[in-house]
Amino acid sequence: MNTETVERAKAGNHQAQAEIITYLENGKNPEIIFGDSYHCIGNAHRIGITGPPGAGKSTVVSKLITEVRRTGSKCAVVACDPSSPYTHGALLGDRTRMVDHFTDPGVFIRSMATRGNLGGLAPTTSIVADFLDFCGYPVILIETVGVGQTEVDVVSKTDTVVVIITPESGDSIQMMKAGLLEGADIFCINKTDRPGGDVMEADLTFGLGLSSRDWAPPIVKTIAKESIGISELYTQIKKHMEHLIKNDERNNKCIERYFSEIDFWLESFVFDKALEPERKKYIQKSFGEDTPPWTVAKTLWKNKMEEPWQ
Amino acid sequence: MAIKVIIAKPGLDGHDRGAKVIAQALRNAGMEVVYTGLHQTPEMIIRAAIQEDVDVIGVSILSGAHMSIVPRIIEKMKENGIWGKPLFVGGIIPADDAEELKKIGVSAVFGPGTPTSKVVEFINSVVKDKK
């Protein structure tokens, strides 16, 4: 990686941006990318889009891009899909719903495989979002994998969390369970051309009435495929950001994100590196020499302290 | 570092079974596969390939339009400075056309009945620096 690529990326070159994202995705040293400009990060509105598989997340994202582009702003998207826990391969299919924006030079879409992370995002989604922020995208849409009830990484990594459900997503008991629903800033009931949308709305309203938060999460009904309700959804997203800024909550969000990022780096310095080719060789050699595993770990740890980056 | 591949369906035919079988096989071989969906123009495919920073581009064509579509994809790759990334084509491609496509720079052409392992092998052999 060189500074010339970084400059081209900052000037808006998609190819340079994409290459740097690959570099970051592979856990390499971000110092070269951000230099002493970390303070430039934090201007973008990071919008998390989450919900169960098949709720329409990618379609909603595609329609939101249209709304953002209507205001004249550039827009970046990070769309996550799961890596196989068996083969580590991934089928990244979110793009198929976003074809309207493929040739728009003001839109940058990147798919990310979760690479073993269980929280609904890839381990490096946050730093990739930092980088897109750094490149000057004022709006960054972050789409999670299809989630269940506890994949809530997106809550700490974004400013506004939109939870998308469908009329079939469950009854009032499902709505009262813990997890994702607690993290929602906005609810979007999608596919309301199907029966059950009103019941779902009533169940949600009941569930939300039981919680006490400053911000009462609005419920927006959409039929994303036909663009119905999307501009209302985007209005609510912007309102939420205004609320965060007005009530000084944005800063708390940023600090929370900062903490979780430091956790990420500490972990990445310490864990999960035994299978790196260099280390693998060393470990296999140590096995042959009957070196105790704790001694090997200590040596690896010492080396890591000297050079934490991969 | 996983190998990243884009599998695209350019043109008007809607026969995506082959593309999906290949995408699945590559996924099962541990690759990260971006699938674009149907009816892509060469411009759309190359934009996506750039933003995703893929190592290999694969296109599936069963409409018979390969001799007009593939050269346009190559042209777009050159225009955008990514010519040099391996490009492979799958689908119903007559042998003469396959030879022609290879002459203009296509790395491999896979017809019906190709074992998926052969495609995996091909990609592993052209993307050496990742493994």
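A short reminder: the numbers here are calculations on the coordinates, not readings from a lab. This is a predicted model, so every value here is computed, not measured. Here Cβ is always computed from backbone atoms with ideal geometry, including for glycine, and neighbour counts include all displayed protein chains.
If you go through region A:1-16 and keep only what is touching a residue at least 12 places away in the same chain (Cβ under 8 Å) and part of a helix (DSSP H, G or I), you end up with A:Thr3, A:Thr5, A:Val6, A:Ala9, A:Lys10, A:His14. Taking region A:14-36 as the search range and keeping residues that are of a type outside the set (A, V, I, L, M, F, W, C) and more than 22 Å from the chain's Cα centre (by Cα), which one is nearest to the other protein chains (Cβ to nearest Cβ)? Looking at residues that are of a type outside the set (A, V, I, L, M, F, W, C) and more than 22 Å from the chain's Cα centre (by Cα), I get A:Gly35.
Just checking, which of A:Gly170, A:Gly146, A:Gly116 is on the phi > 0 side of the Ramachandran plot and either surrounded by 24 or more Cβ atoms within 10 Å (Cβ to Cβ) or more than 14 Å from every other protein chain (Cβ to nearest Cβ) (or both)?
Numbers: A:Gly146 fails: on the phi > 0 side of the Ramachandran plot; A:Gly116 fails: either surrounded by 24 or more Cβ atoms within 10 Å (Cβ to Cβ) or more than 14 Å from every other protein chain (Cβ to nearest Cβ) (or both).
Going through A:Gly170, A:Gly146, A:Gly116 in turn, the sole match is A:Gly170.
The single condition among (1) surrounded by 20 or more Cβ atoms within 10 Å (Cβ to Cβ); (2) touching a strand residue (DSSP E or B) at 6+ places or on another chain (Cβ under 6 Å) that B:His66 does not satisfy is (2).
Checking each residue in region B:9-24 for being more than 10 Å from chain A (Cβ to nearest Cβ) and closer than 24 Å to B:Ser125 by Cβ picks out B:Gly18, B:Ala19, B:Val21, B:Ile22.
Residues in region B:1-26 that are of a type in the set (A, V, I, L, M, F, W, C) and in a helix (DSSP H, G or I): B:Ala19, B:Val21, B:Ile22, B:Ala23, B:Ala25, B:Leu26. Going through (1) assigned to a loop (DSSP other than H, G, I, E, B); (2) more than 13 Å from the chain's Cα centre (by Cα) one by one, B:Val54 falls short only on (2).
With (1) part of a loop (DSSP other than H, G, I, E, B); (2) closer than 30 Å to A:Leu244 by Cα; (3) in contact (Cβ under 8 Å) with a residue 12 or more places away in the chain as the list, and A:Asp36 as the residue in question, which single condition is left unmet? Going through (1) part of a loop (DSSP other than H, G, I, E, B); (2) closer than 30 Å to A:Leu244 by Cα; (3) in contact (Cβ under 8 Å) with a residue 12 or more places away in the chain one by one, A:Asp36 breaks only (3).
What number of residues within region A:1-33 are crowded, with 20+ Cβ neighbours inside 10 Å and among the acidic types (Asp, Glu)? Total satisfying the criteria: 1.
Residues in region B:12-23 that are surrounded by fewer than 22 Cβ atoms within 10 Å (Cβ to Cβ) and touching a residue at least 40 places away in the same chain (Cβ under 8 Å): B:Leu12, B:Asp13, B:His15, B:Asp16, B:Gly18, B:Val21. Among the residues of region B:25-51, those that are without any contact (Cβ under 8 Å) to a residue 60 or more places away in the chain, within 7 Å of another protein chain (Cβ to nearest Cβ) and closer than 23 Å to B:Thr116 by Cα comprise B:Arg27, B:Asn28, B:Gly30, B:Glu32, B:Val33, B:Val34, B:Tyr35, B:Thr36, B:Gly37.
Here is a check on your reading of the model: is B:Lys4 touching a residue at least 40 places away in the same chain (Cβ under 8 Å) and more than 7 Å from chain A (Cβ to nearest Cβ)? Talk me through it step by step, then tell me what you get.
On the way: touching a residue at least 40 places away in the same chain (Cβ under 8 Å): yes; more than 7 Å from chain A (Cβ to nearest Cβ): yes.
Answer is yes for this residue.
Applying the selection to region A:87-109, what residues are in contact (Cβ under 8 Å) with a residue 60 or more places away in the chain and either over 17 Å from the mean Cα position of the chain (by Cα) or surrounded by fewer than 17 Cβ atoms within 10 Å (Cβ to Cβ) (or both)? Once the filter is applied, which keeps residues that are in contact (Cβ under 8 Å) with a residue 60 or more places away in the chain and either over 17 Å from the mean Cα position of the chain (by Cα) or surrounded by fewer than 17 Cβ atoms within 10 Å (Cβ to Cβ) (or both), region A:87-109 yields only A:Pro105. Selection of region B:40-74 for residues being within 14 Å of B:Asp13 (Cβ to Cβ), of a type in the set (Val, Ile, Thr) and touching a His at 6+ places or on another chain (Cβ under 9 Å) yields only B:Val59.
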